[in-house]
1. Between Asn21 and Lys416, what is the label-to-label distance in nm when each label sits 7 Å out along the Cα-to-Cβ direction?
2. Considering the alpha-carbon set of the range 252-396 alone, what are its Rg and its Dmax in angstrom?
3. What accessible area per residue, rounded to a whole number of Å², is obtained for the range 111-215 using a probe radius of 1.4 Å?
4. With a cap of 12 neighbouring Cβ atoms within 10 Å, and only residues DSSP puts in a loop, list the trypsin sites (Lys or Arg not before Pro) found in the range 87-163.
5. Roughly how far apart, in whole Å, are the Cα centres of the range 120-141 and the range 169-248?
6. Can you give me the % of accessible surface on the range 250-374 that is carbon or sulfur? Probe 1.4 Å, all protein chains present, nothing else counted.
7. With a bin width of 10 angstrom, please list the P(r) values of the range 100-189 as percents of all Cα-Cα pairs, from the 0 bin to the one holding the largest distance.
8. Over 15 Å, how big is the tail of the calculated P(r) for the range 30-71, in percent of all Cα pairs?
Amino acid sequence: MGSSPALEILAREPEGFSLWNGPPFDNGQPKVKLERVPCTTVKFSENGARLMVTKNGTSVSVYDCKSYTEIRSFEIPSLLSAALSPCGTFLQTFQKSTTPQEKNVVLWNTETGVSVYQQFQKNMLKTTWPSIHFSSDESVACRMATNEIQFFDAGSFSKGIVHRLRIPGVVAMELSKSPGSHVAAFVAESKGIPASVQIFSCDKDAQAQPVARRSFFRCSTVQLHWNCGSSGLLVVAHSDVDKTNQSYYGESKLNYLTTDGSHEGLVPLSKEGPVHDVQWSSSGSEFAAVYGFMPARATVFDKKCNPLLDLGTGPYNTIRWNPKGKFLCLAGFGNLPGDMAFWDCSEKKLLGATKAEWSVTSEWSPDGRYFMTATTAPRLQIDNGIKIFHHNGSLFFKKMFDKLYQAEWRPEAAEKFGDITELIKSVDSLKIEETKQVKDKKSSQTSAKPATRPSRNPLPTVLLMPSRLLQFRMSFSVEQGPQRR
């Protein structure tokens, strides 16, 4: 327990970002670890070792997250986007290009500041950026090009493209992360030929044929989700048109493919309607899905698609599995009212339920003990702030901001923390001690002051309403006018 790393929280406001020490807090409030730094955007590397900070649309700085000192700064004219590799070894930048001869995508070594690879890319789309994909350990690197996937020697980009995987019509790809052993490719529908998702090995000598393949009719886009271990791939196939006319937003199906060929087909969902969200557990041996017309149903499946746990129905569209794989938060965000249900999937029981209205982002802490939601701009311009909950849904901390653009935990490997059961016990002991101190304080105050009777005329409830509801009710009553009998 003593060797476990400390949790850290990043918060970005209009003036810049700051870093706080994460929970548990001393005296109930977080301490500022890094004072506000001016920035336009900020992003951690996947492993939390590096921090990328962009300023003024031309400057990109890379920080070491142990000391929070600047490692390297890059001046990139006409910068449109930037991304760090999973371990922070490389920085990838995309610049506005004027001619096809200008190589506007550059891969930089963050330690030396040297450009290790350059290429031309016409435009930047969600499916094509970052241009170069890495496995979690950065041992495999590849990029999608016209009708092919190109592989690099990740240890020596100076060699350029070392081999090519020919896939006619490929429009999207997803490299498995841990390990980087396979790549999934989506081929769009063309001239009556159905769309398909194909899985290939990253080993050059084993790429003659796909190890798995699944075809889809009426499929316009897909979401590809690899498990830890790279043995299974979940595919959410989405069509813009629902031929049953039950949904204005089209229809979606959840498919499952394995790299050993043992399973290729639909996941048996017990309710009709769209697939709202799906997520693998950290073990890679089970996944959860929330699906169906509202109230949606949520189910946990094993890696053979057998139902393990029915999480019931409700106004849900979001699943967040904690890094230890024991707890799960089922929530309804976006256009839903913010209901959250916290489950212990190991014990198969509901721990608690609460609400986090108007949440834009949500994320478990790296140690799996806390769950943070944030209401951020520009999605919502008022009521910006963060809430941190215990694993059972009880509120631990809340802080409001005039304007908040981003709030997130610094990533850290879950293995660096102790067993989740022991971690929870340590938190409970702290809560008991805090409660005891509060009770002692209240009892001393009670003996010193006479008891006061509650007011018989409490404030009208309308004054306690959020400003948006109050404005709505006022405007509605004005439009409605006086009632006549």
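The values are calculated or read from the model by the stated rules, or taken from the named source; none is laboratory data. Owing to the predicted nature of the structure, the values given are computational and were not obtained by experimental measurement. Every residue, glycine among them, receives a Cβ derived from its backbone with ideal geometry; neighbour counts consider all protein chains shown. Ligands, DNA and RNA are excluded from the accessible area calculation, which covers all protein heavy atoms including side chains. Shrake-Rupley method; radii C 1.70, N 1.55, O 1.52, S 1.80 Å.
1. That separation, rounded to one decimal, is 1.7 nm.
2. Just the Cα atoms of the range 252-396 yield Rg and Dmax of 15.3, 50 Å.
3. Numbers: 5120 Å² over 105 residues.
Here the per-residue accessible area is 49 Å².
4. Of the trypsin sites (Lys or Arg not before Pro), the ones in loops of the range 87-163 whose Cβ has at most 12 other Cβ atoms within 10 Å are Lys96, Lys122, Lys126.
5. Between the Cα centres of the range 120-141 and the range 169-248 lies a distance of 17 Å.
6. Exposed carbon and sulfur together represent 47 percent of the surface.
7. 16, 49, 32, 4, 0
8. Cα-Cα pairs in the range 30-71 separated by more than 15 Å: 43 percent.
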